[in-house]
1. Ranked highest first by the average count of other Cβ atoms within 10 Å around their residues, in what order do 32-45, 15-28 fall?
2. What's the extension gain from residue 56 to residue 41 if we count 0.36 nm per residue and subtract their Cα-Cα distance?
3. Given the options 24, 49, 35, identify the residue whose Cα lies farthest towards the positive end of the charge dipole of the range 7-49 (+1 on Cβ of Lys, Arg; -1 on Cβ of Asp, Glu).
4. Kirkwood Rh, the range 1-44, all Cα pairs: how many Å?
Amino acid sequence: MAGKPLEVEIFVRQNGELLPYDELTEEEKRALSESLNKRVIRAIAGLRGYDVEFPDSAQERKKEKKQG
């Protein structure tokens, strides 16, 4: 039994400023989507007792540690 579609407005905080999702570039939208998907996968896996590591994320964290 499907109801009326849910309408939402999405805002992203970027450099301390709230921006409407539609104002993001395609690359920014892709990066946000990837980040949110990974968070969901980690959360669900965590609830089931698993620890998830994404290879590209691990490499990014290593780069950040070296720079910081």
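Here, each number is a calculation from the coordinates, and none is a lab measurement. This one's a predicted model, so the numbers in the text were calculated from it and none came from an experiment. Positions of Cβ are generated from backbone atoms using ideal geometry, with glycine treated the same way; all protein chains shown enter the neighbour counts.
1. 32-45, 15-28
2. Full-extension gain reported as 3.9 nm.
3. Of the listed residues, the answer is 49.
4. It is 12.4 Å.
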